[in-house]
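The block underneath contains the structure these notes are about, expressed in structure tokens.
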Amino acid sequence: MKKVVKFGGSSLASAEQFKKVGAIIHADKERKFVVPSAPGKRFSDDTKVTDMLYACYDLAEAGKDFKEQLKAIQARYQEIIDGLSLTLSLDDEFKIIEKNFKNKAGNNYAASRGEYLNGIIMANYLGYEFVDAATVILFDENGEYNAEKTNELMRERLANVDAAVIPGFYGAYADGTVKTFSRGGSDITGSIVARAVKADVYENWTDVSGFLIADPRIIYKPQGIETITYRELRELSYMGATVLHEDAIFPVRREGIPINIRNTNAPEDNGTWIVESTCQKPKYIITGIAGKKGFCAVNIEKDMMNSEIGFGRKVLQAFEDYGISFEHVPSGIDTMTVFVHQDEFMHKEQKVVSAIHRLADPDSIDIEADLALIAVVGRGMKSTRGTAGRIFSALAHANVNVKMIDQGSSELNIIIGVANADFETAIKAIYDIFVLSQL
């Protein structure tokens, strides 16, 4: 078996954390490919190394002296090196960084050095080969990640390598200029490596023991999710549940490689398994609950709307013309409602309303603001009768007025619209009826 293991910034913030990571890797000889992030915060008021690099480069770009800031960054790494009792020196690397900063190498280059340097330390500490991500992860001239060329190049480079460290977060253009992924990009790198080496498992180590059924800021000590499918994760991520960078799912999904979210500080926990499909029945009917505040509903009414061909297209054209994306479009015989992000819509609302009148000639338009959307997701709902009824019952008992309910044809999720003020109450009520009542 081959395992690709990715460790987040909090897992590598200090020498003590590095030692935990080393113990985890050495505990399983199948953990052959390691993807490290840059050092994160050592304590709550600390600064991440990536943020230190951004600030340092801003000074360089402005033509100001940045040597003290660069020394502070080097000191962070030296603290880790000393704590691990390594003989490694990064002096030459920092001379190159200083030179490139002076030559305005760019924000992407600056940010990538956090992972690059941590990768060098990790490889030295483990005795693994270091592979610079800039040599194996390619972006095209438009800055788009080139998946197929990268897969070919990465597979070829790692074919005869027994164990390697590949830094996360960045790659390069064809000319070698460094390009970073968005924040959270180390998750993507881990997935790319897993696909290239045809790994059996991609382990993503962070500071939590996998996904939770609900937001712990709303639910006290929510239950964990043991197994979740890619589709369920996509639904929950879309509605705000974040543990894994969303783009990290796609490279491994196409290869059927499972992802295991694990906790560096509690390696004995099984964490959450993310899989393509499973015959395992979920512990609860629902897999997870997630949601967002800050929506508004544009309610359009027109008699005989259902018999007018093209009505929906005309309404949505008005939103498209003003660059507004919609979230959900529940409809009835004579009504159609379009849910949009309030902060995106509010400055263009009257233009959109005018456009709807001009394009679709509705009888009336009404706008309702300050709404929240909640997604109740679970593969178990498909084989269970009365799920929507239980949700309605729980919300009614909690005195929450349901503004909208929408269920996809896959029966994988139910979307509920409520007032912003009822958001937390609604999530607690749903969690109670499906989880607490089953404990």
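The values are calculated or read from the model by the stated rules, or taken from the named source; none is laboratory data. This one's a predicted model, so the numbers in the text were calculated from it and none came from an experiment. Cβ atoms come from the backbone with ideal geometry, glycine included; neighbour counts cover every protein chain shown. Each accessible area value is taken on the protein alone, full model and side chains, heavy atoms only, with ligands, DNA and RNA left out. Shrake-Rupley method; radii C 1.70, N 1.55, O 1.52, S 1.80 Å.
Below are the figures for this structure:
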{"read-out": "Whichever aspartates and glutamates have a C-alpha closer than 16 Å to that of K48, once near sequence neighbours (fewer than 8 apart) are set aside", "value": "D58, E79, E115, D207"}
{"read-out": "Net lengthening on full extension, Y238/N160 (0.36 nm per residue, minus Cα-Cα)", "value": "24.2 nm"}
{"read-out": "Alpha-carbon centroids, the stretch 121-188 and the stretch 271-327: separation in whole Å", "value": "36"}
{"read-out": "Rounded to 5, the percent of DSSP beta bridges in the chain classed as antiparallel", "value": "65"}
{"read-out": "Whole-percent carbon and sulfur share, accessible surface of the chain, 1.4 Å", "value": "47"}
{"read-out": "For the chain: relative contact order, % (alpha-carbon pairs under 8 angstrom, 6 or more apart)", "value": "13"}
{"read-out": "Violating pairs (Cα-Cα greater than 20 angstrom) within the set K104/K179; K20/K41; K382/K403; K19/K95; K221/K281; K293/K403", "value": "K382/K403; K19/K95; K221/K281"}
{"read-out": "Average accessible area per residue (Å²) across the chain - probe 1.4 Å, nucleic acids and ligands excluded", "value": "46"}
{"read-out": "Under 12 Å, Cβ to Cβ, from D361 - net charge with Lys/Arg +1 and Asp/Glu -1", "value": "-1"}
{"read-out": "Cα-based Rg / Dmax (Å) for the stretch 144-209", "value": "12.4, 40"}
{"read-out": "Test item: Cα-centred dipole of the chain, Lys/Arg +1 and Asp/Glu -1 on Cβ, debye", "value": "1000"}
{"read-out": "Fully extended contour minus Cα-Cα distance, from D366 to A396, at 0.36 nm per residue", "value": "8.3 nm"}
{"read-out": "Alpha-carbon centroid distance for the pair the stretch 80-120 / the stretch 400-439, whole angstrom", "value": "48"}
{"read-out": "Gaussian network model of the chain, springs between alpha carbon atoms under 10 Å - residue of A134, A290, A27 with greatest fluctuation", "value": "A27"}
{"read-out": "For R234, solvent-accessible area (1.4 Å; no DNA, RNA or ligand), Å²", "value": "100"}
{"read-out": "√(5λ) per eigenvalue of the Cα gyration tensor, the chain, largest first, Å", "value": "44, 27, 20"}
{"read-out": "Exposure of Y238 as accessible area (Å², to 10), given a probe of 1.4 Å and all protein chains", "value": "90"}
{"read-out": "Selection from Y54, L88, A75, by position along the positive dipole direction of the stretch 43-88 (Cβ)", "value": "L88"}
{"read-out": "Calculated diffusion of the stretch 184-298, Stokes-Einstein form, Kirkwood radius summed over Cα pairs, 37 °C and 0.692 mPa s, µm²/s", "value": "222"}
{"read-out": "Nearest 10 degrees, 0 to 90: helix 185-196 Cα axis against the chain principal axis", "value": "80"}
{"read-out": "Signed unit charges on C-beta, dipole axis of the chain, positive-most listed residue L126, I188, A318", "value": "L126"}
{"read-out": "Whole-Hz ³J(HN,Hα) from phi, Karplus 6.51 cos²θ - 1.76 cosθ + 1.60, for the stretch 121-138, glycine and proline x", "value": "5, 4, 4, 5, 5, 8, x, 9, 6, 9, 10, 5, 4, 5, 9, 10, 10, 10"}
{"read-out": "C-alpha long axis of helix 91-102 to longest principal axis of the chain, angle in °", "value": "50"}
{"read-out": "DSSP beta bridges in the stretch 112-260 [antiparallel fraction, %, rounded to 5]", "value": "50"}
{"read-out": "Prolate/oblate/rounded label for the stretch 91-189 (Cα gyration tensor, a/c 1.5)", "value": "oblate"}
{"read-out": "The stretch 132-271 - percent relative contact order, Cα under 8 Å, separation 6 or more", "value": "25"}
{"read-out": "Nearest-ten-degree value, helix 49-61 long axis tilted from longest Cα axis of the chain", "value": "80"}
{"read-out": "Accessible surface, 1.4 Å probe, highest first, among residues H341, H397, H26", "value": "H397, H26, H341"}
{"read-out": "Spin-label model distance (nm) - E226 vs K314, 7 Å beyond Cα toward Cβ", "value": "5.4"}
